[in-house]
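Here is the structure we will look at.
Only the coordinates and a few stated rules stand behind these numbers; no lab work does. Predicted model only: the values in this text are computed from it and were never measured. Please note: Cβ atoms are built from the backbone with ideal geometry, for glycine as well, and neighbour counts cover all protein chains shown.
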Amino acid sequence: MNIGEIVTTVVGNLAGTPELRFTASGKAVANFTIAENHSKKVGNDWVDDGASFIRVTVWGNLAENVVESFPEQGMPIMAYGSLRMKQWEGDDGVNRVQPELTAMAVGPNLALSVAEVRQPQRKWAKKNVADEMFDDKSSETKSKTETKADFTDDAKGSESPSKTVPAARKKTTPEKAESK
């Protein structure tokens, strides 16, 4: 996140099916819209007062998980991320503005639904970076002082350089500890 960004949570219902695409470099990106229904109290009754539609963009594994987790329109959904106003000129020459959220986290609204959480089972998916760092087989080939792992900033859709992870976080077995 950058200084000055508006960070917010949008809660509503899924307005349509999420669309999954891949960039030329193979990075997943999905778009979907959250509809927020408004109501107001008139006398003793609540009446509908329109709706707001927020376009949401998600990147990487989050994009694929959203498409797999929210297959139906109308599902209660929440998204957390940075909000920007997208501006363009329409075909009719009128300037348009639409709020767009680049989400870092997406989930079901548990006030209105029940969820089952599970790890995705994708054959082509990379092993979790943390699993690789703590895996006994791979730790033999890594340096005693540090382990490098590639991290991706999925929320912004850009790849960041390798970060260093202290060796103290690596998992070692008693046999390996004695042989060092």
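Summary table
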item	result
Charge sum, other residues only, whose C-beta stays under 11 Å from ASN37's C-beta, Lys/Arg counted +1 and Asp/Glu -1	-3
Dipole of segment 6-108, positive end: most advanced residue of GLY93, VAL56, GLY12 [Cβ charges, Cα centre]	VAL56
Cα-based Lys proximity count in segment 24-127, under 23 Å, for pairs eight or more positions apart or on separate chains	4
Likely footprinting exposure, SER39, SER69, SER25, fewest C-beta neighbours within 10 Å first	SER25, SER39, SER69
Dimensionless Rg ratio for segment 6-108, taking C-alpha atoms and the 2.2 N^0.38 Å reference	1.20
Proxy reagent accessibility, fewest Cβ within 10 Å first, across LEU14, LEU20, LEU110	LEU110, LEU20, LEU14
Cα centre as origin, Lys/Arg/Asp/Glu Cβ charges: segment 6-108 dipole, Debye	340 debye
Cβ-based exposure ranking for ASP48, ASP91, in which fewest neighbours within 10 Å come first	ASP91, ASP48
